[in-house]
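So the structure is just underneath, and the comments pick up after that.
The values are calculated or read from the model by the stated rules, or taken from the named source; none is laboratory data. Worth saying up front: this structure is predicted, and the values here are computed from it rather than measured. Here the Cβ is made from the backbone with ideal geometry for all residues, glycine too, and neighbour counts use every protein chain on show.
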Ligand code: KG4
Ligand code: ZN
């Protein structure tokens, strides 16, 4: 058996983060992310601007990741990249870079599904590069990983899924949103309140000082383990327009300014409860006791607390990723690349980026 450590370079460029990471087996050596400020005042990601920013960022980001990891590009065993889903122009930048890198170094190229990668972020050993010298097999006793099968609630700006994770590369989506994603619900509500993009982290921040039960928002009744958030967005829009009360004596702007914390706390409570109720139902019906969260919205403090509550009150074993592996990053692409490499799941130069990609 080959016991030599495997060094994987991961590349992520599906949306508005240009990211590169280096993994030695499952140990993180470097995780570099360049965000894109350019979208802030547009209320969402502008695809054309995102592609241009990726083009500018990709080489410096990879350079920095290799430097931080303390490895030369010739040491890398394989390059993994986000094949999809995502914005096609953005995906093409990372995909083309990865192809060129693989070709120049004559190493395998590994296509990765971004949503599968969010789930596998739980298997990254979050130690610093100093602790894990290249080739070190020293186990990290602090790092708890889920056991198969487990359920993962993957919540991001583009997706909301309950995934039955049977093995590293064997996953089944058992529930998903029929319209807007949970992150989109946060971002669109924030936009309605005049907050900059991405609004999710800001709503989280203001919610900390607010009363989650002050305002009531409707929760769509959707069969099975599916979700729907578009109705919430519409009712939130009317709620703000009508100042949330029968009393129209103040403007929506003043109403928001006076009640920002309570509005954010109540909205966040509604979204988190909607997600957690379905996750618990799925866990109960399938008899699964280990549950995880992943994706950008798993950085939300309300959702993280709700999971901890599931553990404390109902005995579930819960897994919450460190913040740096919640939102888009390349470490999750590299860890998925690691497991695919071990199974020989590589591809040739003919591979294509895909805006829509399922597993
Ligand atoms: O996974 P991600 O970085 O990118 C996608 O694949 O979409 O997720 C981004 C989403 C955005 O909608 C952002 O507002 C949301 O995650 N998000 C949050 C928080 N941090 C990021 N939503 C609520 N609370 C947060 N703390
Ligand atoms: Zn993502």
| task | Go through the stretch 52-75 residue by residue and tally those that are in contact with a helix residue (DSSP H, G or I) (Cβ under 7 Å, 6 or more places away or on another chain) and under 19 Å from residue 329 (Cβ atoms). | result | 4
| task | Examine the stretch 142-160 for a residue that is more than 27 Å from residue 336 (Cα to Cα) and at pLDDT below 95, and state whether such a residue exists. | result | no
| query | Among the strands (runs of 3 or more DSSP E) confined wholly to the stretch 145-214, which include 1 or more residues that are surrounded by fewer than 18 Cβ atoms within 10 Å (Cβ to Cβ) and on the phi < 0 side of the Ramachandran plot? | reply | 160-167, 170-176
| residue 66 passes all but one of (1) in a helix (DSSP H, G or I); (2) at pLDDT below 95; which number fails? | (2)
| Between a first residue in the stretch 284-311 that is not assigned by TED's automatic domain parsing to the domain that holds residue 185 and modelled with pLDDT of 95 or more and a second residue that is assigned to a helix (DSSP H, G or I) and within 16 Å of ligand 2 (Cβ to nearest atom), which pairs have beta carbons less than 7 Å apart while being 6 or more apart in sequence or on different chains? | none
| message | Just to be sure before I move on: is residue 36 without any contact (Cβ under 8 Å) to a residue 24 or more places away in the chain and either within 20 Å of residue 336 (Cα to Cα) or surrounded by fewer than 16 Cβ atoms within 10 Å (Cβ to Cβ) (or both) in the structure I sent? | response | no
| message | If I ask for residues that are part of a loop (DSSP other than H, G, I, E, B) and near ligand 1 (Cβ under 8 Å from one of its atoms), which ones from the stretch 288-308 would you list? | response | 295, 300
